[in-house]
Amino acid sequence: MSAWLIIRAAGPGVTVQDAGRRGSLRFGVTPAGPMDARAFAAANLAAGAAMGAAAIEVSLGGLELTAEGETIGLAIAGGEFDIRLDGAPLPFACALALEPGAHLVIRAGRGGAWCYVAIAGRIDLPPTLGSLATHTRSSMGGLEGRGLRAGDSLPLADLAAPPRALLALEASWLAASEEPIRAVLGPQADYFTPEAIDEFLSARWRVGQRSDRMAYRLEGARLAHAKGHDIVSDGVALGAIQVPGDGAPLVLMADRQPTGGYPKIANVIGADIGRFAQRRPGEAFSFAAVSIEEAVAARRAQSEAVDAGVRLRPMGGEISTELLLSANLIGGVADANLPLEKE
Amino acid sequence: MRYAAPRCLDAGEAALVVEFGDSVDPAINAEALALDAALRAAPLAGIVETVPTYRSLMIHYDPLALTRAALVAHVEALERAAPARAAASVRWIIPCCYAPPHGEDIAAAGEALSLSPSQVAALHSGSDYRAYMYGFAPGWCYLGGLPSALAVPRRASPRGPTPRGAVLIGGGLSLIGADPMPTGWYVLGRTPERMFAPERDPSFFVEVGDALRFEPIDEATFRALEQKSACGEMIARRETMT
């Protein structure tokens, strides 16, 4: 039997994303991939999908879905979105069975900018350069290289058994936090005056309205360059904080170009880029400078937390034990008999 | 300017920039390409991928699998051992139609350079180029080797989307485009070749460091080659350099 997810409504910026397109940066190819890799991993873990498997990334524009053909196991994780199944509210991070005829509605909720709908199975679309990650600016990946819209159907394959009860998803690393966003200074911190560096680290920043998957524009201060704002184009890493001539920084996100020609004052660390991505336009935050060693330690802690897995707690069902799903237990493969470990 | 010794700069904890200078210069680019080639010949577990640019090499790595210190030590060892220059071993002959309607900005570029359109085309197709880097969008390939007589600054304001396969000049460089994008450069002509064809193997055929020349073609040839290219055929010719 075949199954599809039918898109009943989708706001702008809802796309299919896998772990990202690697290996072609040297040819000018944008990596794309999830804005919040932590939430993406949590959703895939909870769905029993392969790590890095393609999922639907939902923007603040929201998404409405139905299932066709078969009951489809889904898991949702990310910001605190408002999620309803046939009108009944669900936890913002959960695993569920979507039966044909049931209507799943995901809307912007109390907080967060992105959430992920992972599938107990896989999205059966042809990869481009080895990846399903959608990059709309180069019309690559996902469904026809574009965002999803009402009327689209996503073909699914290798479906695993959906959960028998609604499960609330708990993952330590998804907890919201008001801690500063940590960044490593450089690679062109020497292009800025000492006052500009101080300002960067002390300012209260806001995510600007004109922010998208390519870059988050920052408002709150203007940073003065010490030796001009033009550099010879060089490589750009995820989370690079680039400062063009007007002094207003841009944080380069999943859809960044692989190279760029403005000085980069600092780079958001890998462990904090997902948390930063969940900031909505208008939300305030500050930066803190950390060393490479601190950045690596934070990255290791996050990686170990993901390896330890997510908790799935049945919601008012007959099963009362907590379930633990981890990458190690699943072994990276979707399995019809999810190896749920009971505590 | 070329640095006396390469600088290792951090772009966060998962990318190292090895920078050889601060300008667009063939000797500096050759050093970045030589390190890239050396790393590909002697790969180190934990390196994710490398991105050569005009004057530096970005090395994306997994810091949980490879420490910064071990990566820097490996780079320094390669720098001591590797020749500073990796000569191009492949040259691509890229057909280019400079004639109307394809040479959309050749008259405007000529005006800015005090040259006639045919002089611009002759100068552009008479030079040897080298692929310095890709950037901007998939398959957009930046070329060094533009004659100084064609060193026109970029436009003050960008023009509309380029035609597919645009051949451009700006800021002292030449550039081959792929899919249409707005740009501040001048469109001198068009190639029927596709610098990026996702369904073709290879999807990208010009490697950074390869040599290139443009071969002028007329509009009728352009149309014939464009049809072949659309069917998946390679149009550019490959020459082995001795």
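The values are calculated or read from the model by the stated rules, or taken from the named source; none is laboratory data. All values derive from a computational prediction rather than experimental measurement. All Cβ positions, even for glycine, are placed from backbone atoms using ideal geometry, and neighbour counts span all protein chains on display. For accessibility, only protein heavy atoms count, side chains too; no ligands or nucleic acids. Shrake-Rupley method; radii C 1.70, N 1.55, O 1.52, S 1.80 Å.
Report yes if B:ILE28 is assigned to a helix (DSSP H, G or I), within 12 Å of another protein chain (Cβ to nearest Cβ) and either open to solvent by 10 Å² or more (accessible area, probe 1.4 Å) or not hydroxyl-bearing (Ser, Thr, Tyr) (or both), otherwise no. So B:ILE28 passes the test. Within the range A:169-181, the set of residues being buried (at least 19 other Cβ atoms within 10 Å of the Cβ) and of a type in the set (A, V, I, L, M) comprises A:LEU169, A:ALA171, A:LEU174, A:ILE181.
Does the range A:1-21 contain at least one residue that is modelled with pLDDT of 95 or more, within 14 Å of chain B (Cβ to nearest Cβ) and out of contact with any Gly (no Cβ under 9 Å at 6 or more places or on another chain)? Looking through the range A:1-21, none of the residues is modelled with pLDDT of 95 or more, within 14 Å of chain B (Cβ to nearest Cβ) and out of contact with any Gly (no Cβ under 9 Å at 6 or more places or on another chain). In the range B:67-87, the condition of being among the basic types (Lys, Arg), surrounded by fewer than 17 Cβ atoms within 10 Å (Cβ to Cβ), under 24 Å from B:PRO147 (Cα atoms) and away from chain A (no Cβ under 11 Å) is met by at least one residue. Comparison of A:ALA165, A:ALA224 shows that the only residue that is touching a strand residue (DSSP E or B) at 6+ places or on another chain (Cβ under 8 Å), surrounded by fewer than 17 Cβ atoms within 10 Å (Cβ to Cβ) and in the same structural domain as A:ALA77 (by TED's automatic domain parsing) is A:ALA165. The set of residues from the range A:111-129 being assigned to a loop (DSSP other than H, G, I, E, B), open to solvent by 10 Å² or more (accessible area, probe 1.4 Å) and away from chain B (no Cβ under 14 Å) comprises just one member, A:ASP124.
The set of residues in the range A:189-211 that are assigned to a helix (DSSP H, G or I) and of a type in the set (Gly, Ala, Ser) comprises A:ALA189, A:ALA196, A:SER202. For the range A:287-298, a residue qualifies if it is more than 20 Å from A:ILE197 (Cα to Cα) and either surrounded by fewer than 20 Cβ atoms within 10 Å (Cβ to Cβ) or in the same structural domain as A:ALA37 (by TED's automatic domain parsing) (or both), and the qualifying residues are A:GLU293, A:ALA297, A:ALA298.
From the residues in the range B:179-195 that are at pLDDT below 95 and within 13 Å of chain A (Cβ to nearest Cβ), which one is surrounded by the fewest Cβ atoms within 10 Å (Cβ to Cβ)? Selected residue: B:PRO182. A Cβ distance below 8 Å, combined with a sequence gap of six or more or placement on separate chains, defines the contacts here; from the range A:219-235, residues that are within 11 Å of chain B (Cβ to nearest Cβ) and among the hydrophobic types (A, V, I, L, M, F, W, C) reach residues that are assigned to a loop (DSSP other than H, G, I, E, B) and open to solvent by 80 Å² or more (accessible area, probe 1.4 Å) in the pairs A:ILE231/A:TYR262. Just a yes or no: is a residue in the range B:132-144 over 13 Å from the mean Cα position of the chain (by Cα), more than 17 Å from B:CYS97 (Cα to Cα) and in contact (Cβ under 8 Å) with a residue 12 or more places away in the chain? Checked against the condition, which is being over 13 Å from the mean Cα position of the chain (by Cα), more than 17 Å from B:CYS97 (Cα to Cα) and in contact (Cβ under 8 Å) with a residue 12 or more places away in the chain, the range B:132-144 yields no hits at all. You will find that of B:PRO63, B:PRO117, the residue that is in the same structural domain as B:GLU193 (by TED's automatic domain parsing) and over 24 Å from B:PRO198 (Cα atoms) is B:PRO117 and no other.
Annotation for the range A:59-69: no member residue is more than 14 Å from every other protein chain (Cβ to nearest Cβ), touching a Phe, Trp or Tyr at 6+ places or on another chain (Cβ under 6 Å) and either without any contact (Cβ under 8 Å) to a residue 40 or more places away in the chain or buried (at least 23 other Cβ atoms within 10 Å of the Cβ) (or both). Here A:ILE197 fulfils each of the conditions (1) at pLDDT 95 or above; (2) of a type in the set (Val, Ile, Thr); (3) within 30 Å of A:SER24 (Cβ to Cβ) apart from (3).
Each row is one residue, and each column tells you yes or no for (1) open to solvent by 30 Å² or more (accessible area, probe 1.4 Å); (2) within 20 Å of B:GLU19 (Cα to Cα); (3) not assigned by TED's automatic domain parsing to the domain that holds A:THR30.
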residue: A:GLU195; (1), (2), (3): yes, no, yes
residue: A:ARG210; (1), (2), (3): yes, no, yes
residue: A:ASP230; (1), (2), (3): yes, yes, yes
residue: A:GLY245; (1), (2), (3): yes, no, yes
residue: A:PRO263; (1), (2), (3): no, yes, yes
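Okay, residues lined up against (1) open to solvent by 20 Å² or more (accessible area, probe 1.4 Å); (2) under 21 Å from the mean Cα position of the chain (by Cα); (3) touching a residue at least 40 places away in the same chain (Cβ under 8 Å); (4) within 11 Å of chain B (Cβ to nearest Cβ):
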site: A:ILE241; (1), (2), (3), (4): no, yes, yes, yes
site: A:GLY260; (1), (2), (3), (4): no, no, no, yes
site: A:GLY270; (1), (2), (3), (4): yes, yes, no, yes
site: A:GLY274; (1), (2), (3), (4): no, yes, yes, no
site: A:GLY282; (1), (2), (3), (4): yes, yes, yes, no
site: A:PHE285; (1), (2), (3), (4): no, yes, yes, no
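All conditions in (1) away from chain B (no Cβ under 14 Å); (2) buried (at least 16 other Cβ atoms within 10 Å of the Cβ) hold for A:GLY186, with the sole exception of (1).
Scanning the range B:196-222 for residues that are basic (Lys, Arg) and loosely packed, with under 12 Cβ neighbours inside 10 Å returns no hits. The single condition from (1) modelled with pLDDT under 95; (2) closer than 19 Å to A:ASN267 by Cβ that B:ALA42 fails is (2).
Under the condition of being within 19 Å of B:ARG91 (Cβ to Cβ), more than 22 Å from the chain's Cα centre (by Cα) and open to solvent by 60 Å² or more (accessible area, probe 1.4 Å), the residues counted in the range B:223-242 number 0. Of all residues in the range B:152-163, none that is on the phi > 0 side of the Ramachandran plot has its Cβ atom under 8 Å from the Cβ atom of a residue that is open to solvent by 70 Å² or more (accessible area, probe 1.4 Å) and assigned to a loop (DSSP other than H, G, I, E, B), 6 or more apart or on another chain.
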